[in-house]
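None of the figures in this text is laboratory data; all of them are computed from the coordinates on show. Just so you know, these numbers come straight off a predicted model, no measurement behind them. Backbone-built Cβ (ideal geometry, glycine too); neighbour counts: all protein chains shown.
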Amino acid sequence: MELKKYDKSWLPAFKGAFLIIFGIIGMLGIVGTIKTLATFFAILIALIGILLVATGISSKGSSSRVWTIVSGVIHLGFFIFLTLQVDKAKDINQAREMAGTIMLIWVLFYAVTEIVEAALLYTSKNAFAALFVINALLTLLFAYFLFIVTGNFTEQGVFYLGLIALVFGIVNELSAYLLSRING
């Protein structure tokens, strides 16, 4: 295996920037309500979906073009579903339950997409597959903390979620830097 070019290095950079901002907001305790958290996640999900679809359409020679477009469309579906469900919630408890469940399922889906990316890179003998395995494991850790926080929405829980998001965001930024350095 060798390090080869990866055509979507912007994806971990974008996700990392979002997670760093989310981490700082969470650690400072300015998240507010679960609806604010859900809105923040909905924006991330929508932007990732739009960028994936646009990348898939514009990269005609990519071997993972179909996967990129399908993944983007699924992200957009999560965005629409999360937005509609949070708006329909009758009270804060129902909003917490709905938003928490949808965000958790999206984070788990995102971990699966990272594993698929790792498998695609591994089959093309690209050593960058290891970065996506690490990111998938960190995403699962983030999902665990998200599960804990949405079950008990406290300041301390949001702080810990913010801390793991900050660390995870930094790891994503470093991954993006590594992915963008190779011109293979």
Revision key, fill the gap. So Tyr160 and Ala17, fully extended at 0.36 nm per residue minus their Cα-Cα distance, gain in nm 49.7 nm
Check your understanding: Could you give the angle, 0 to 90 degrees to the nearest 10, between helix 34-58's Cα long axis and the longest principal axis of the Cα atoms of the chain?
Key -> 20
Practice item. Could you sort 47-56, 12-21 so that the peptide with the highest average Cβ count within 10 Å comes first and the rest follow in order? Key: 12-21, 47-56
Exercise for review: May I have the count of lysine pairs in the chain with C-alpha atoms under 14 Å apart, counting pairs 8 or more residues apart or located on different chains?
Suggested key: 5
Practice item. In nm, give the distance between the simple-model label positions of Ile80 and Ile170, each being 7 Å from the Cα along the Cα-to-Cβ direction. Key: 3.9
Exercise for review: Please work out the FRET efficiency for the pair Ile105 and Arg181, using the Cβ-Cβ distance as r and a Förster radius of 30 Å; give the result to the nearest 0.05.
Suggested key: 0.35
Revision key, fill the gap. So Leu120 and Ile57, fully extended at 0.36 nm per residue minus their Cα-Cα distance, gain in nm 20.8 nm
Point to revise | Restricting segment 87-158 to trypsin sites (Lys or Arg not before Pro) in coil, as DSSP defines it, with at most 13 other Cβ within 10 Å | key: Lys90, Lys125
Revision key, fill the gap. The simple spin-label model distance between Ile134 and Arg65, using points 7 Å out along Cα→Cβ, in nm, is 3.2
Check your understanding: Counting each DSSP H run of 4 or more residues in the chain as -39500 (n - 2.57), what helix-only mean residue ellipticity at 222 nm follows after dividing by all residues, to the nearest 500 deg cm²/dmol?
Key -> -29000 deg cm²/dmol
Check your understanding: In Å, what Rg and Dmax follow from the Cα atoms of the chain?
Key -> 16.5, 53
